[in-house]
Amino acid sequence: MVLTFFPASKAEPKIMLPRLYLRPPVRGDWKEWAELRAVSRDFLAPWEPLWPDDALTRSAYRRRLAAYSEDWARDHGYAFFIFRRQDDALVGGITLANVRRGVAQTCSFGYWIGRPYSRNGFMTEAVHGGCTFAFDEMNLHRVEAACLPHNEASKGVLRKCGFRYEGLAQRYLKINGKWRDHMQFALLREEFYPDLGGV
């Protein structure tokens, strides 16, 4: 897979992929984001924290953007929206969060896709692109991800991208109002780029 990285301008794509591109969210994305999340609510709710009453409002979206911007500036996290190249349709989002530097050089990976775009391989492509960003641009050593044990689609994405199952974290995250066990996965830089060995 060939990726093209662009400068860190929010006015243009950040990561180009064969069928998709990833870029940081901007204010002008609110309406399309809110519409996609609304039509996908029943599809996404079982896998996410409870949505607040104002989850899809413009003001809540602006707060979200402010948090993304602060995380990016502090090197704490990097959020991207995923767009389909053929028509610029927003299909989902990925986040590289909880960045730990020093001796860890790791982050936690999260993602979501709208119901109309699921089961097309888009998320596998986007996660692969996000991992390339993590290892090449962020210079991380390890990327972690977690999913509910019965989320077969998410487990499939992680395995296709080379993530290894490492164990079960009990009551790891509060999802849809309940503390839920999660399967923990990880991907190391040398597994993503095997020619590097242990560098």
- Considering the stretch 44-66 alone, what residues qualify as being loosely packed, with under 13 Cβ neighbours inside 10 Å, of a type in the set (A, V, I, L, M, F, W, C) and modelled with pLDDT of 95 or more? Ala66
- Here are some residues: Phe109, Phe135. Which one is modelled with pLDDT under 95, in contact with a helix residue (DSSP H, G or I) (Cβ under 7 Å, 6 or more places away or on another chain) and buried (at least 18 other Cβ atoms within 10 Å of the Cβ)? Phe109
- Note on the structure: In the set Asp87, Asp71, the lone residue that is more than 14 Å from Leu140 (Cβ to Cβ), surrounded by fewer than 15 Cβ atoms within 10 Å (Cβ to Cβ) and modelled with pLDDT of 95 or more is Asp87
- Item | Cross-chain or 6+ apart pairs with Cβ under 7 Å, the stretch 159-172 first and over 11 Å from Ala145 (Cβ atoms), then surrounded by fewer than 12 Cβ atoms within 10 Å (Cβ to Cβ) | Arg171/Trp179
- What is the number of the single condition among (1) in contact with a helix residue (DSSP H, G or I) (Cβ under 8 Å, 6 or more places away or on another chain); (2) of a type in the set (D, E, K, R); (3) under 21 Å from Ser69 (Cα atoms) that Arg164 does not meet? (3)
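Please go through the stretch 146-197 and pick out each residue that is part of a strand (DSSP E or B) and of a type in the set (Phe, Trp, Tyr). Steps first, please.
Of the residues in the stretch 146-197, the ones part of a strand (DSSP E or B) are 146-147, 164-175, 178-188.
Result: Tyr165, Tyr172, Trp179, Phe185.
Looking only at residues in the stretch 33-69 that are of a type in the set (Gly, Ala, Ser) and part of a loop (DSSP other than H, G, I, E, B), which one is farthest from the chain's Cα centre (by Cα)? Working first, answer last.
First, pick out the residues of the stretch 33-69 that are of a type in the set (Gly, Ala, Ser): 34, 38, 40, 45, 55, 59-60, 66-67, 69.
Next cut, part of a loop (DSSP other than H, G, I, E, B) only: 40, 55.
Details: Ser40: 17, Ala55: 18 Å.
Among those that are of a type in the set (Gly, Ala, Ser) and part of a loop (DSSP other than H, G, I, E, B), it is Ala55.
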- Would a scan of the stretch 148-162 turn up a residue that is surrounded by 16 or more Cβ atoms within 10 Å (Cβ to Cβ) and in contact with a Lys or Arg (Cβ under 8 Å, 6 or more places away or on another chain)? yes
- Query: If you go through the stretch 9-43, how many residues are surrounded by 17 or more Cβ atoms within 10 Å (Cβ to Cβ) and under 17 Å from Tyr117 (Cβ atoms)?
  - Reply: 11
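Restrict the check to the stretch 136-145 and report whether at least one residue is more than 19 Å from Pro25 (Cα to Cα) and without any contact (Cβ under 8 Å) to a residue 24 or more places away in the chain. Talk me through it step by step, then tell me what you get.
So the first thing to find is which residues in the stretch 136-145 are more than 19 Å from Pro25 (Cα to Cα), and the list is 136, 139-145.
Add one more test, that the residue is without any contact (Cβ under 8 Å) to a residue 24 or more places away in the chain, and what stays is none.
Within the stretch 136-145, none of the residues are more than 19 Å from Pro25 (Cα to Cα) and without any contact (Cβ under 8 Å) to a residue 24 or more places away in the chain.
Please specify each residue of the stretch 12-43 satisfying the condition of being acidic (Asp, Glu) and either farther than 21 Å from Gly129 by Cβ or modelled with pLDDT of 95 or more (or both).
The first filter runs over the stretch 12-43 and keeps only residues acidic (Asp, Glu), leaving 12, 29, 32, 35, 42.
Within the stretch 12-43, Asp29, Glu32, Glu35, Asp42 qualify.
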- Message: Pairs please, first residue from the stretch 67-96 and within 15 Å of Pro116 (Cα to Cα), second anywhere and in a loop (DSSP other than H, G, I, E, B) and charged (D, E, K, R), Cβ atoms under 7 Å, 6+ apart in sequence or on different chains.
- Response: Arg84/Arg19
- Note on the structure: When every residue in the stretch 112-127 that is within 13 Å of the chain's Cα centre (by Cα) and over 17 Å from Glu32 (Cα atoms) is compared, the one surrounded by the fewest Cβ atoms within 10 Å (Cβ to Cβ) is Thr124
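The values are calculated or read from the model by the stated rules, or taken from the named source; none is laboratory data. Nothing here was measured: the structure is a model prediction, and the numbers come from that model. No Cβ is skipped: glycine too gets one built from the backbone with ideal geometry, and neighbour counts run over all protein chains shown.
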